[in-house]
Amino acid sequence: MSPGAGPRNNSGRYPSPDDNPPPCQETRNLSARILSSIRVGDPAASERDRFPFTIPALQGLEEVAFPGPVTFFAGENGSGKSTLLEALAIAAELPAVGRADASADDSLVSQRRLAATLKGVWRRRTHRGFFLRAEDFFGFVQRLQQTRAEMEARIEEVEREYAGRSALAKQLAKGPAAASLGAMEATYGRDLDANSHGESFLRLFRARFVPDGLYLLDEPEAALSPQSQLGFVAMMGDMVRQGAQFIIATHSPVLMAVPGATIYSFDATPLQEVEFDALDGVTLLRSFLAAPERYMRRLWEEPG
């Protein structure tokens, strides 16, 4: 069963949202946000004909507003949504999960040039939260495994070095490594890699989300099944009620259906706000699900 999905009910199906209404709870103002907008300045004349300033969605762009707690960047691959998100993470000085911070990442040199032209308009300045690219998560898991192995090796080394000495002496010598290992297990579980990619993703989010945080996420749905995406939406809702803000680059209609979310299409020049029902991806998916055999007949069965 996918984390966050909940158990099946007596009918054997997964519960619908109306089966168990959420309990009433005190919430913060859902219109509150941390980052109100970003203003986009002009690049140096020598930069104007270089990537990323040549991205069509950025042409003529002066400001991107974030009127609510959840904003989505939508668009085809290569449309620039991830590039702007990465530049925003650099400008906001958010820590990155999975690799070097965006401000020092060798793969983000161009994004740093774009970040230099951005100015955040903050309602509440914060460094709580993080920036995450889906492809970086697996590097993060590897780093956790390496850290675990190093701490376990240190504990074994103490056992050898303190052979024949008192249990108290061993305990004190093991203390730093044992404490670090215990803290890591308490936060992420014993072995993130033992879970499926989707389960590990959700476990990471549960461990790292904090109230009043700003979260910039690039295609978090990459490792999540549709059921797990719904669990992730529920998790986002909990954090929004605790003052968090999300800016997410995504292809997922499930995520972009969040009520009241602002959606920007990067398929326009410059990017522009669109309604959920007007998204090309939503229209295509609805058409496909209504008659998949029609698409398969064209794509699979007919020559050419």
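The values are calculated or read from the model by the stated rules, or taken from the named source; none is laboratory data. No experiment lies behind these values; they were computed from the predicted model shown. No Cβ is skipped: glycine too gets one built from the backbone with ideal geometry, and neighbour counts run over all protein chains shown.
This table checks each residue for (1) surrounded by fewer than 18 Cβ atoms within 10 Å (Cβ to Cβ); (2) closer than 30 Å to Ala116 by Cα; (3) modelled with pLDDT under 50.
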position	(1), (2), (3)
Ser2	no, no, yes
Asn9	yes, no, yes
Asp18	yes, no, no
Leu35	no, yes, no
Gly41	yes, yes, no
Ile55	no, yes, no
Phe66	no, yes, no
Ser79	no, yes, no
> Counting just the residues of the stretch 113-154 that are more than 26 Å from Phe246 (Cα to Cα) and surrounded by 16 or more Cβ atoms within 10 Å (Cβ to Cβ), which one comes out modelled with the lowest pLDDT?
Replying inline: Arg148
> Taking the stretch 231-250 only, how many residues are of a type outside the set (A, V, I, L, M, F, W, C) and either closer than 27 Å to Glu76 by Cα or part of a helix (DSSP H, G or I) (or both)?
Replying inline: 5
> Does any residue in the stretch 281-304 that is closer than 28 Å to Phe73 by Cβ come within less than 8 Å, Cβ to Cβ, of a residue that is of a type in the set (A, V, I, L, M, F, W, C) and at pLDDT 90 or above six or more places away or on a different chain, and which pairs are these?
Replying inline: Gly281/Ala74; Val282/Met256; Val282/Phe276; Tyr295/Phe288
> With Leu216, Leu204, Leu172, Leu181 as the choices, which residue is surrounded by 18 or more Cβ atoms within 10 Å (Cβ to Cβ), assigned to a helix (DSSP H, G or I), aliphatic (A, V, I, L, M) and modelled with pLDDT of 75 or more?
Replying inline: Leu204
> What are the residue pairs meeting all of these: first residue in the stretch 218-235, first residue on the phi > 0 side of the Ramachandran plot, second residue assigned to a helix (DSSP H, G or I), Cβ atoms under 9 Å, and 6 or more apart or on different chains?
Replying inline: Glu219/Ser82; Glu219/Ala134; Glu219/Glu135
>> For the list (1) of a type in the set (Lys, Arg); (2) exposed (fewer than 15 other Cβ atoms within 10 Å of the Cβ); (3) at pLDDT below 90, I need the number of the one condition that Arg99 fails.
In response: (2)
>> When the residues of the stretch 242-255 are narrowed to those that are touching a residue at least 60 places away in the same chain (Cβ under 8 Å) and more than 16 Å from Arg128 (Cα to Cα), which ends up surrounded by the fewest Cβ atoms within 10 Å (Cβ to Cβ)?
In response: His251
>> Kindly evaluate Ser110 against the criterion of being surrounded by 13 or more Cβ atoms within 10 Å (Cβ to Cβ), at pLDDT 70 or above and of a type in the set (S, T, N, Q).
In response: yes
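Among the candidates Pro270, Pro303, Pro211, Pro292, which residue alone is modelled with pLDDT of 90 or more, farther than 22 Å from Ala89 by Cα and not hydrophobic (A, V, I, L, M, F, W, C)? So that I can check it myself, show each step before the final result.
Working: Pro270 fails: farther than 22 Å from Ala89 by Cα; Pro303 fails: modelled with pLDDT of 90 or more; Pro211 fails: farther than 22 Å from Ala89 by Cα.
When all the criteria are applied, what remains is Pro292.
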>> Testing Val258 on (1) crowded, with 17+ Cβ neighbours inside 10 Å; (2) under 14 Å from the mean Cα position of the chain (by Cα), one condition comes back false. Which one is that?
In response: (2)
